[in-house]
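The values are calculated or read from the model by the stated rules, or taken from the named source; none is laboratory data. All of these numbers come straight from a predicted model, not from anything done at the bench. For the accessible areas, the whole protein counts, side chains as well, though only heavy atoms, and no ligand, DNA or RNA atoms are used. Shrake-Rupley method; radii C 1.70, N 1.55, O 1.52, S 1.80 Å.
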Amino acid sequence: MSFYSSEPASSSPKETAPQQESSENVLIRFGDDAPQFWQVVNDGVMGGISQSRIRPLEAGHAAFEGVVSLENNGGFASIRTRASRPVDLSGFAGLTIHAKGDGKVYCLRIKTVENGRVTDYAWEARFTAGPEWQTHQLSFDDFRPVFRGRNLRGVPPLRSAAIFEIGLMIRDEQQGPFALEVMTLGVF
């Protein structure tokens, strides 16, 4: 099972952080080549000056890192990736993310396809990334619809049978440097 539109090339084996998920439950493995599949989207789209990037680490996983600034009405940094076509995850209860971080709260975000179009809004669930490797289980019931940081009402239920985009975001006035190391994103 894979989320990317194409698999990255294999790289030489390296020492890796402990893994908690079996291969069949992994959608995305954040190895050396994974960052090429991710797009950075920061608050510069609204005039902000926050900065972020995703970069491979020698241990075989990746870091989503940067600085969140509240200047110029800013306050968020994010990365996202899309599948080549909607991915059907309706046979699963939710998503997992195997990560460690700086104690800040991060959002795992997904977008779905409704009536043949990718939704303008996202679904997000939050998790706190502590200093030790941990697998966070986020049930599809935990995801809430949001648009530009505001909770939405009156939207159709989350369609786990048509997931098209997955992303990570830091927001909510968590100003300053941040670092989230990610090993895998999967399903349960």
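Computed with a 1.4 Å probe over protein heavy atoms only, the accessible area of residue 123 comes to about 20 Å².
Largest accessible area first, the listed residues 150, 53, 29, 171 line up as 150, 53, 29, 171 when surface is computed with a 1.4 Å probe on the assembled protein chains.
With a 1.4 Å probe rolled over the protein heavy atoms of all chains, the accessible area of 148, 109 falls in the order 148, 109, largest first. Accessible surface calculations at 1.4 Å, restricted to protein heavy atoms, place the chain at 51 Å² per residue. Across the range 79-185, the fraction of Cα-Cα pairs farther apart than 19 Å, rounded to a whole number, is 43%.
Roughly speaking, what % of Cα-Cα pairs in the range 30-116 are separated by over 16 Å, rounded to a whole number? The answer is 64 percent, as a whole percent.
Here the Karplus curve 6.51 cos²θ - 1.76 cosθ + 1.60, taken at θ = phi - 60°, turns the phi angles of the range 70-77 into couplings of 8, 5, 6, 6, x, x, 8, 9 Hz, with x standing for Gly and Pro. For the chain, the relative contact order works out to 29 percent when only alpha carbon pairs closer than 8 Å and six or more residues apart are counted. Here the chain exposes an accessible surface that is 45 percent carbon and sulfur, computed with a 1.4 Å probe and the other protein chains kept in place. Amide H to amide H distances under 5 Å link residue 89 with 161, 162, 163, where only residues 5 or more positions off or on other chains count and H is placed in the peptide plane.
For the chain, a Gaussian network of Cα nodes joined below 10 Å ranks 92, 30, 76 by mean-square fluctuation, and the top entry is 92.
For the pair the range 24-49 / the range 104-134, the C-alpha centres are spaced 12 Å from each other.
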